[in-house]
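What follows is one structure encoded as structure tokens, with my remarks underneath.
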């Protein structure tokens with residue numbers, strides 16, 4: 001299942017082949033207060049993410065899905081599952097990861113996505 005998430009994410013990048021070096025990339029995690037997988041992500045990944053190469057390239061931001069999402073983010077579709085990780089350049093969605101695939105798989109997927117965008 002996790003390999004299929006990675007493949008789906010990479011396939012969605014095919015439309016981004018003309019992207020120049022991103023200037024303002026961020027990884028936004030959409031979550032809710034009641035989300036146990038969100039809590040697991042923050043316990044397992046959030047702190048080490050900030051210190052990692054992906055965390056330096058695309059810093060992590062938290063966004064509660066119950067909050068106003070009209071903060072000028074250009075999402076390709078609404079957020080319907082939490083956690084959802086949306087990689088943005090400026091305020092434009094590049095790609096998203098739906099669900100938390102576990103610490104090791106998360107780092108593999110996000111690292112691969114960021115390398116493809118460089």
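Numbers below:
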| read-out | value |
| --- | --- |
| Test: residue 87 is in contact with a helix residue (DSSP H, G or I) (Cβ under 9 Å, 6 or more places away or on another chain) and surrounded by 13 or more Cβ atoms within 10 Å (Cβ to Cβ) | yes |
| Members of the range 12-39 found to be out of contact with any helix residue (DSSP H, G or I) (no Cβ under 8 Å at 6 or more places or on another chain), surrounded by fewer than 16 Cβ atoms within 10 Å (Cβ to Cβ) and either at pLDDT below 95 or outside any helix (DSSP H, G or I) (or both), listed by number | 12, 14, 15, 17, 18, 20, 21, 23, 24, 33, 34 |
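The values are calculated or read from the model by the stated rules, or taken from the named source; none is laboratory data. A quick note: this is a predicted structure, and the numbers were derived from the prediction, not measured. Neighbour counts are summed over all protein chains in view; Cβ atoms, including those assigned to glycine, are modelled from backbone coordinates with ideal geometry.
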